[in-house]
Each structure stands twice: as structure tokens, then as C-alpha cells.
Amino acid sequence: MVNEWIRIKSSVWFDKLRHKPEYMSESSSGPGLTIVGKKTPALKAPVTNLMTLFANNFLVRNLIRREIRGKYRNTFLGYAWTVIEPTLLSIVYWFLFIMLAGNPDEHYAVWVLIGVIVWSCFGKSLMASVTSLSGNTRMIHLVYFPRIIFPMTAVFTNIVITMMSSLVVIPIILAYGFPFGIHLIMIPISICLAGFLGIGLGLVFAPLNCIQKDVEHLFRFIVRAGFFVSPVMWTYEMALDRGVFGEVVLWNPMVVPITMARHGLMGKWLDMPINSLFYSIGFAVVLWIVGSMVFHKYEREAVKHL
Amino acid sequence: MSEVVISVENVVLRFPRRRSLVSLITGMFKKTKRTFTALDGIDISINKGEIIGIIGTNGCGKSTLLRIISGIYPPDEGTCKVKGNISLLAGLGTGFSAHQTGKENAILYGSILGYSEGKIIDKLPEIISFSELGEFINEPIRTYSAGMKARLGLAVASAIQPDILLIDEVLGVGDPTFKKKSTDRIMEMVAEAGTVVIVSHSFGMLSDLCDRIILLEKGNVVSEGDPSEVIAKYHSLAKKRKSGGDE
């Protein structure tokens with residue numbers, strides 16, 4: 001009885017977050033005149049954004065499918081590109097590093113590959129969410145649905161594609177004889193953390209990018225530069241030997257996800273001070289909270305600039 | 001019948017102009033406005049069951065007004081209130097993905113328009129038969145002609161029965177036979193929907209269909225009322241503007 005009541009209550013409340021709530025069309029005697037686009041308080045945005053996503057999950061799933069299908073269209077190799085692209089990149093970095101510093105580690109090429117995969121998940125998620133409004137001008141002008149869906153689908157698409165790239169660890173495990181076990185779960189977790197860091201930061205700047213496209217160019221630079229201060233071509237262990245430099249570099253929240261994926265492949269749990277894990281996750285959560293509030297507050301004004 | 005379902009109260013909408021460093025410097029020497037006023041204090045109230053036409057020259061704010069009502073733009077001043085479910089028919093087939101099949105796109109477009117999953121699955125056979133695509137429904141959309149895409153778009157969009165239907169120049173797509181069918185379908189939707197707002201340039205159709213026509217000019221409501229009178233007013237305004245331009 002109580003359960004039933006909760007179910008009905010929550011479904012009505014949930015339904016309100018859908019962009020075409022069904023309760024409206026079913027009862028014409030429903031609510032009276034309502035103000036179009038009345039906003040929920042910005043303070044609640046971090047939660048309502050997530051709820052909106054669940055309430056519109058059918059739309060979100062369809063949009064993600066569209067993005068993924070469109071990504072490797074007209075290619076002979078198709079989804080194999082998700083693996084080929086990071087592999088080719090790592091080969092280039094591997095050569096570069098050997099030329100510069102000699103061979104530091106027998107598995108160095110593998111660590112670079114993992115670094116490239118996790119970092120590009122962050123970089124692409126960040127760029128995708130920053131450009132999510134300005135890149136969907138046509139759709140924004142012609143249909144209305146909660147705009148948070150644009151950056152979220154862009155980032156989810158990236159996470160799915162990165163998960164596909166991460167399948168490359170299977171041949172690596174077989175070739176190098178890494179342990180095969182539960183620790184591998186840290187790879188998808190680290191990818192999600194990287195994507196989450198990306199969207200938080202991206203949400204803050206997505207509305208601004210509608211107003212002035214400079215933001216996009218600035219972020220393209222940030223992603224390129226961030227590559228070097230994140231442990232992509234180097235590892236956490238290398239940084240530890242460098243004294244002050246190593247300590248400074250650990251303030252970068254991307255150190256944790258990349259190192260996490262590498263340690264997962266090695267077959268151990270994250271071998272870093274637990275504080276840095278909390279730091280990185282906390283960073284992501286704070287970015288999400290700030291990002292959702294900023295996005296919620298300015299998104300509607302910003303689309304007028306498109 | 002006199003229940004108000006759309007109430008636009010003193011709505012002002014200004015579009016910002018894009019600025020760059022160069023324009024900022026040159027702007028110091030000449031006066032340019034920073035914003036463009038698209039809607040300048042619009043007051044409209046539409047009752048349940050009315051069919052309203054909106055006319056006006058290009059750029060007078062017709063489409064912008066529909067976008068305000070459907071929630072795409074927030075008004076800068078004033079409020080817009082509605083009662084019931086709104087559906088905006090504009091740019092049929094927005095968001096189609098060229099590499100998915102007709103059926104997948106029907107589901108995608110349906111979800112963009114706000115169908116729930118169960119509803120679109122229910123409506124799918126109806127959509128497919130209305131679109132008359134036959135075998136093509138399982139082919140990727142990139143193989144479709146423009147008319148076929150429009151047909152699929154209309155088939156999906158018209159499967160909704162909203163309380164308030166906003167139509168922005170989407171009448172008459174496809175070949176002549178389908179054009180007839182699509183016009184009939186939209187008429188059917190108009191008959192089913194409680195309230196309809198149509199933006200169009202085909203005055204013949206508007207005067208047949210509408211209870212009331214609103215004439216917009218530079219973001220203001222210039223005239224409002226009986227279709228034939230307002231259309232006459234539009235023509236006289238156009239004539240005046242033309243002669244004004246000649247002088």
C-alpha cells in the first residue's frame with residue numbers, strides 16, 4: 001500500500017522532468033496556466049540534472065546510438081578505429097620517448113597506450129561538452145528538450161567509445177602475461193572518472209562558448225598542454241623520483257585515473273596515497289556541482305547568441 | 001470555450017549581436033546597437049479550441065514568437081504561460097542520422113519530439129504505413145531523397161496529438177500526391193488538437209482555416225482579428241512600404 005503510493009508519487013514527480021510530461025496530455029483538467037520554461041532553483045541543479053537524464057533515458061540512449069553510429073560511418077575498418085587510433089598514437093610517443101630518454105621500462109609502450117586512452121577520454125569529453133551547445137545550433141533552434149542532455153550524451157558517447165578502445169588491453173594481457181583478474185575493473189572506473197572530470201569542467205564553459213567561440217580555441221590548447229602535465233608519456237612512479245616536481249604534479253586530478261588504469265592492468269589496486277584518490281573524486285564532484293549550476297543558470301540566455 | 005490556454009504577456013526578446021575585438025574597436029567610432037529587438041512587447045491571448053494564423057514579412061518575429069511559446073528562448077521581459085502539452089512542428093526531420101535506417105530514425109526523431117518509449121513502439125506501424133516508404137524503411141536515410149525524408153519526418157511528427165500545436169511553415173512537402181496527403185494530415189491534426197497556431201505565407205489556406213489572424217511587423221502586433229481584414233491590412237502595409245521605398 002505504502003509502496004504503491006510511493007511508486008505513484010515518484011512516477012508523477014519523475015514524469016515532470018520529462019520534456020513532454022505525459023500526465024499533461026492525459027488529463028486536460030491538469031494544472032492551469034504554467035509559465036513556459038520556469039526554472040528550478042540553480043542550487044538543486046546538480047541533482048535535477050541527473051534526474052532529468054534518467055527521466056529522458058530513452059532520448060539519451062537514442063542520441064548516443066546516433067553519435068556512435070555516425071562516428072565511424074563509411075569506414076572499412078569501422079569500430080576497429082577505436083583501437084587503432086590510440087595504438088598508432090602510442091607507437092609515435094614510444095619512439096619519441098626512446099629517442100629522448102632511452103628505454104626506461106620494458107612495458108613503457110603499454111603505459112603510454114593506457115595513458116593515451118584515458119587522457120583522450122578526458123580531452124574528448126571536455127571538448128565535446130564545451131562545444132555541445134554551439135555544435136547543435138540547428139536542433140536547439142527547432143526543438144526543445146532539457147539542454148543538459150546535449151553535453152551529457154556527448155560525454156556518454158565518448159565514454160562508450162573509450163570503453164571500446166580499452167578492449168585493446170585483452171591482447172596486451174595475452175602478449176605480456178599480465179595477471180587477469182578483478183583488478184581490471186579499475187580500467188572502466190578510471191575511464192568514467194576521466195569522463196566525469198571532463199564534463200564538469202566542460203559544463204562551466206559550454207554556455208560561454210555560445211557567446212564567444214574563443215573558449216573553444218582556448219580549451220583545444222588546454223587539452224594539448226594538459227597532455228604533458230598529465231602522466232601520459234610519463235608515469236606516477238617516474239614522478240615520485242623527481243622530488244618537488246613530482247609533488248607539484250600530483251595536484252593534477254588526472255593523475256589518479258590514469259595511474260588507476262595502469263595499476264589495474266598490472267594486477268594491483270591503486271598503489272597511491274588514499275588521499276589522492278579522494279582528492280581526484282572530490283575534484284570531479286565539485287566540478288560537477290559548479291558546472292551544473294553554471295550551465296543551468298546561463299544555458300537559456302546563451303542559446304540566444306547562437 | 002473561453003478558457004485561455006496560451007497567454008503571452010508583454011514579451012520582449014532581444015538578440016545580442018556578436019562582437020569581436022575588431023568590431024569593438026571600430027564600434028568606438030560609430031554608434032551601433034548592441035542588441036536587436038526581435039519581439040517588442042507582444043501581448044497575445046489564445047483561447048482553447050482557436051485556430052490562429054500569424055503572418056508578417058520575413059524577419060518580423062513570427063518564428064521567434066513560436067519559439068518563445070515552445071520554450072526555446074526565454075523572454076527578456078514579460079511572461080509566456082501555457083496550459084497543456086505543446087508540440088512545435090518546424091524543420092521536419094531535425095536530428096535525423098544519415099547512417100541509420102528509416103525505422104531507427106523514426107524512433108530517434110520520435111524521442112527527440114518527446115515520445116515515451118512505449119508510445120513510439122505503439123505508433124511505429126502507423127508511422128511506417130503513413131510514410132509510404134515501403135522497402136526503404138529498412139535502408140539508411142542517406143539513400144533517401146529529400147521528399148522521402150520529409151515524408152518520414154511528417155509521419156513521425158504527426159503521430160502526436162498535442163493539446164497545442166504550433167506549425168512553422170512545414171506544409172506542403174513531397175510530390176503533389178503526398179503534398180495533398182500531408183496537408184490533409186495536418187488538417188486532421190488541426191482538427192484533433194485543441195488549439196493551433198500556424199505561421200505561414202499561404203494566405204489562402206490561412207483564411208480558410210483560421211478563426212483569427214495576427215499580423216506582426218517589426219516585433220509588434222500591428223493588427224489582429226478577422227482573417228480577410230488582417231490579410232487586407234498586410235497587403236496595404238506591403239504596398240505602403242513599397243511606395244515608401246520608392247521615394
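What to note about this one:
- Candidates B:SER45, B:SER200, B:SER87: whichever shows maximal mean-square fluctuation once chain B is modelled as a Gaussian network with Cα springs under 10 Å: B:SER45
- Global geometry of the stretch B:1-113, whether rounded, prolate or oblate, following the gyration tensor of its Cα atoms and the 1.5 cut on a/c: oblate
- Computed from backbone phi with θ = phi - 60° and the Karplus coefficients 6.51, -1.76 and 1.60, the 3J(HN,Hα) list for the stretch A:68-74 is 5, 4, x, 5, 10, 5, 6 Hz; x is used for glycine and proline.
- Amide H within-cut-off set for B:ALA38, under 5 Å, with H built and near neighbours excluded: B:LEU13, B:ARG14, B:PHE15
- Value in Å of the Kirkwood radius, where the stretch A:200-263 supplies the Cα pairs that are averaged: 13.3
- Degrees separating the helix B:146-157 axis from the principal Cα axis of chain B, which is the longest one: 90
- Helix B:176-192 vs. chain B, principal-axis angle (Cα, 0 to 90°, nearest 10): 80
- When its C-alpha radius of gyration is set against 2.2 N^0.38 Å (N residues), the protein assembly as shown gives a value of 1.13.
- Nearest 10 degrees, 0 to 90: helix A:274-302 Cα axis against chain A principal axis: 40
- Neighbour-count order for A:TRP269, A:TRP119, fewest beta carbons within 10 angstrom listed first: A:TRP269, A:TRP119
- Inter-chain neighbour count for A:206-219: the average number of beta-carbon atoms from partner chains within 10 Å of each residue's beta-carbon is 1.
- Candidates B:THR64, B:THR37, B:THR177: whichever shows maximal mean-square fluctuation once chain B is modelled as a Gaussian network with Cα springs under 10 Å: B:THR177
- Across peptide A:153-164, the average count of Cβ atoms from other chains found within 10 Å of a residue's Cβ is 0.
- Within the protein assembly as shown, antiparallel bridges make up roughly 60 percent of the DSSP beta bridges whose residues both belong there.
- Evaluated at q = 0.17, 0.25 Å⁻¹, the base-10 log of the normalised Debye intensity for the stretch B:92-161, with identical point scatterers placed on the Cα atoms, takes the values -0.48, -1.10.
- Karplus (6.51, -1.76, 1.60) ³J(HN,Hα), θ = phi - 60°, over the stretch B:51-63, in Hz, Gly and Pro reported as x: 10, 10, x, 10, 10, x, 5, 4, x, 8, x, 4, 5
- Kirkwood Rh, angstrom, the stretch A:169-278 [1 / mean 1/r, Cα pairs]: 15.6
- Out-of-range pairs (alpha-carbon distance over 29 Å; input A:LYS124/B:LYS81; B:LYS119/B:LYS179; A:LYS124/B:LYS62; A:LYS213/B:LYS83; A:LYS304/B:LYS119): A:LYS124/B:LYS81; A:LYS124/B:LYS62; A:LYS213/B:LYS83; A:LYS304/B:LYS119
- For A:VAL36, residues with placed amide H under 5 Å, excluding near neighbours: B:CYS80, B:LYS81, B:VAL82
- The amide H of B:GLU169, built 1.01 Å from its N in the peptide plane, has B:VAL199 as neighbours under 5 Å, considering only residues 5 or more places off or on other chains.
- Shielding by partners, peptide B:118-127 (average Cβ within 10 angstrom, other chains): 1
- Packing-based exposure ordering (other Cβ within 10 Å, fewest first) of A:ILE199, B:ILE42: B:ILE42, A:ILE199
Readers should treat all values here as calculations from the given coordinates under stated rules, not as data from a laboratory. These figures come from a predicted structure and were not determined experimentally. Cβ sites come from the backbone with ideal geometry, for glycine too, and all protein chains shown count toward neighbours.
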